[in-house]
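Enquirer: My questions all concern the structure below.
No lab work stands behind these numbers, since they all come straight from the coordinates. In this text the structure is predicted, and so the values were computed from the model without any measurement. All Cβ positions, glycine included, derive from the backbone under ideal geometry; neighbour counts span all protein chains shown.
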Amino acid sequence: MDQIFYWPQVASSIAHHIDTLFNVLNAMAAFWIILIVGCLIYFVVKYRRGTDADRSNPPHESLLLEIAWIGIPVLMCMAIFGYSTWTYLQVMRAPKDAHPIYVVAKQWMWKIQHPQGRWEMNELHVPLGQDIQLIMTSEDVIHSFYVPDFRVKQDVVPGRYATLWFKATELGTHHLFCAEYCGTKHSGMVGTVYVMQPADYQKWLHEGNAGGTLAQQGEALFRELGCGGCHGPGSNVRAPMLDGVYNNPVPLQEPGGGTKVIIGDERYIHDSIVNPEQEVAAGYKPIMPSFRGQLDEQKIRLLVEYIKSLSTANGGRAGGTKEAVPPHAPQASTAPLAAKPNPLPATAPLAGATTDINVRKSGQE
Ligand code: CUA
């Protein structure tokens with residue numbers, strides 16, 4: 001469908017679906033307004049007092065009319081339901097090989113980290129025609145990442161990873177807004193999305209990028225914080241090894257004494273850094289200190305990327321089978337192998353797009 005003059009540019013692969021839905025809803029509303037108000041005016045004029053309209057034999061029922069006024073709206077509603085559900089699934093489900101970019105919202109700025117290592121502030125550079133997935137969290141309050149030209153908007157909530165995906169289809173610059181009132185300078189929490197040719201984007205990524213990839217920066221931070229003292233090779237008496245945690249089953253101690261198995265996803269790795277006492281690896285004591293308040297979300301992201309890289313490097317346990325028994329689990333033989341995902345709270349908005357993380361527990365700031 002062609003773009004309408006009062007709309008922002010159509011600049012992503014899903015934008016025209018949103019526009020079509022909006023157009024169809026407007027057209028339907030216009031149809032019913034014209035039909036109902038038209039009938040109203042017609043009857044008011046025709047049967048006004050003093051006219052000689054025929055009032056001798058008023059109709060009492062009309063099966064055909066009743067079927068029409070029930071059937072037609074039902075069909076229209078079902079069509080809208082079907083199309084909007086299909087569109088919702090397109091918007092909410094990121095393609096599997098989407099390229100990740102990490103976003104941290106903070107009063108009142110957007111901080112962006114590319115896995116290759118480059119950082120930027122209130123700017124987001126993306127390649128044209130490639131699936132991009134943003135993995136976002138907030139350092140303080142609820143913000144909302146909104147790019148009108150792409151027709152995408154996602155709340156960014158502290159304590160969660162929220163995701164949003166898009167495929168940019170127009171080169172150039174596009175507005176980025178915060179769409180959730182977040183304090184005094186909310187209206188100034190804006191930025192620019194730059195859509196570049198993929199080759200230019202690659203060149204841009206490697207300019208001014210001295211620190212190495214996020215995973216390499218994370219490895220340096222890991223050493224700086226002394227994490228290897230407990231998690232290094234040979235010291236697995238005190239703490240579990242971290243290779244093979246990501247995307248693999250992790251047996252955890254239950255408070256009652258049993259074990260349960262979860263998948264070591266980004267949420268689990270994040271929470272193990274800021275809230276380690278909550279999920280203790282089976283067979284280990286809860287002695288890990290919390291890094292809550294010491295590390296901001298950007299630094300936590302570096303550590304998460306480093307730990308993820310341990311599971312994908314050297315062909316070791318990369319993409320490991322979900323049935324594999326993790327080597328870091330002394331009691332794994334007694335652990336149930338069926339992994340179940342962590343249940344989201346009933347209030348989780350857009351369950352497909354958010355994962356709980358613990359950044360703001362028990363009033364610690
Ligand atoms: Cu951030 Cu409004």
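Enquirer: Using a Förster distance of 25 angstrom, determine the FRET efficiency expected from the C-beta separation of Arg238 and Ile262, and round it to 0.05.
Expert: 0.70
Enquirer: For a Förster distance of 30 Å, can you work out the FRET efficiency between the beta-carbons of Phe31 and Lys153, rounded to the nearest 0.05?
Expert: So, using R0 = 30 Å, E works out to roughly 0.60.
Enquirer: Quick one: which residues, 5+ away or cross-chain, put their amide H under 5 Å from the amide H of His125? H built at 1.01 Å from N.
Expert: Residues meeting the amide H criterion: Tyr194.
Enquirer: If you don't mind, another one. Given +1 on the Cβ of Lys and Arg, -1 on the Cβ of Asp and Glu, and no further charges, what dipole in debye does the range 99-207 carry about its Cα centre, rounded to the nearest 20?
Expert: 120 debye
Enquirer: Just list whichever of Lys167/Lys308; Lys260/Lys285; Lys167/Lys299; Lys203/Lys308; Lys96/Lys299 have alpha carbons separated by over 21 Å in the model shown.
Expert: Lys167/Lys308; Lys167/Lys299; Lys203/Lys308; Lys96/Lys299
Enquirer: What is the fewest-to-most order of Phe150, Phe166, Phe291 by other Cβ atoms lying within 10 Å of their Cβ? Walk me through the intermediate numbers first.
Expert: Details: Phe150 30, Phe166 25, Phe291 17.
Listed from fewest to most nearby Cβ atoms, that is Phe291, Phe166, Phe150.
Enquirer: If you don't mind, there's one more thing I want to ask. Using amide H atoms built in the peptide plane, which far-off residues or other-chain residues are under 5 Å from Arg160 H to H?
Expert: Ser138, Ile357
Enquirer: If you plug each phi of the range 211-228 into the Karplus form 6.51 cos²θ - 1.76 cosθ + 1.60 with θ = phi - 60°, what whole-Hz ³J(HN,Hα) values come out, in order, with x for Gly and Pro?
Expert: x, x, 5, 4, 5, 5, 4, x, 5, 4, 5, 4, 6, 4, 7, x, 4, x
Enquirer: A further question follows. Under a 5 Å amide H to amide H cut-off, with H placed in plane at 1.01 Å, what residues pair with Met189 once short-range neighbours are removed?
Expert: Here the answer is Cys178, since their amide H atoms fall under 5 Å of that of Met189.
Enquirer: Applying the Karplus parametrisation 6.51 cos²θ - 1.76 cosθ + 1.60 with θ = phi - 60° to the phi angles of the range 68-83, what ³J(HN,Hα) value in whole Hz is obtained for each residue in order, glycine and proline being reported as x?
Expert: Taking θ as phi minus 60°, the curve returns 5, 6, 8, x, 5, x, 4, 4, 5, 5, 5, 5, 5, 4, x, 5 Hz for the range 68-83.
Enquirer: While we're here: Within the range 53-78, whose backbone N sits under 13 Å from a point 7 Å along Cα→Cβ of Cys39?
Expert: Within reach of a label on Cys39: 62-73.
Enquirer: Could you please rank Lys260, Lys203, placing first whichever residue has the fewest other Cβ atoms within 10 Å of its Cβ?
Expert: Lys203, Lys260
Enquirer: So for His186, His175, fewest C-beta neighbours within 10 Å to most, what's the order?
Expert: Fewest to most other Cβ atoms nearby, the residues stand as His175, His186.
Enquirer: What are the semi-axes of the equivalent ellipsoid for the range 1-151, taken as the square roots of 5 times the Cα gyration tensor eigenvalues, largest first, in whole Å?
Expert: The answer is 52, 17, 14 Å, longest axis first.
Enquirer: Step through the residues of the range 121-138 one at a time and calculate ³J(HN,Hα) from phi using the Karplus curve (6.51 cos²θ - 1.76 cosθ + 1.60, θ = phi - 60°), rounding each to whole Hz and writing x for Gly and Pro.
Expert: Coupling constants for the range 121-138: 10, 6, 9, 9, 9, 9, x, 6, x, 10, 6, 10, 10, 8, 10, 10, 8, 10 Hz.
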